[in-house]
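Comments concern the structure below.
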Amino acid sequence: MNLLYYISRDWRDEYGGNFEHSVNPVVVDKNRCCISNYYFSKACPEERDYYHVTSFVGRPRQPLKRLWGCVDNFMRQWIAVNLKISRGKSQARFST
C-alpha cells in the first residue's frame, strides 16, 4: 500500500499534480511537496513467493514514456528476481 500525503501550503486543484491513477502535470512554477509512505506485508496474501518492483508509466497521451515504463519495469523486475539485486533486499524479501 502506498499512502501519499501532500503538504504544499495553499495548493489549488487547478495547479495540477493531481493523483488520477497517474499524476497529471503541474502547470504552475511552484513546488508541490509530498510525503510518501509505503507499507508492505511480510508474506504474500496468496501464500506464495512473490516480489515486484514499483511500476512507473507515462500518462495516456505519452506513448513513449508509457513504453519506456513497461521496458524499465520489466528490466528491474527481471534483475530483482533473477539476479537477486534490489534496493532494501535485506529488509524486504530475503530476511528470515
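Each value in this text was obtained by applying a stated rule to the coordinates, not by laboratory testing. All values derive from a computational prediction rather than experimental measurement. FYI the Cβ positions are ideal-geometry reconstructions off the backbone, even for glycines, and counts take in every protein chain you see.
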Run the quick spin-label model on residue 39 and residue 20: label points 7 Å from Cα toward the beta carbon, then report their separation in nm to one decimal.
-> 2.8
Neighbouring Cβ atoms within 10 Å as the yardstick, rank 51, 5 fewest first.
-> 5, 51
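Based on the alpha-carbon gyration tensor of region 1-58 and its eigenvalue square roots a ≥ b ≥ c, which shape applies: rounded if a/c is under 1.5, prolate if not and a/b is larger than b/c, or oblate? List each step's numbers first, then the result.
Values: a/c = 3.87, a/b = 2.40, b/c = 1.61.
It comes out prolate by the Cα gyration axes.
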Which angle between 0 and 90 degrees, to the nearest 10, do you get for helix 63-82 versus the longest principal axis of the chain when only C-alpha atoms count?
-> 30
Would you mind calculating the gained length between residue 84 and residue 57 on full extension (0.36 nm times residue separation, minus the Cα-Cα distance), in nm to one decimal?
-> 7.4 nm
What nm value, rounded to one decimal, do you get for the distance between residue 28 and residue 75 when each label is placed 7 Å out toward the C-beta?
-> 3.7
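Suppose every Lys and Arg Cβ carries +1 and every Asp and Glu Cβ carries -1, with no other charges. What dipole size does the chain come out with about its Cα centre, to the nearest 20 debye?
Here the size comes out at about 300 debye.
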Under a GNM of the chain (C-alpha, springs under 10 Å), which listed residue has the highest mean-square fluctuation: 86, 36, 22?
-> 36
Based on other C-beta atoms within 10 Å, arrange 68, 11 from fewest to most.
-> 68, 11
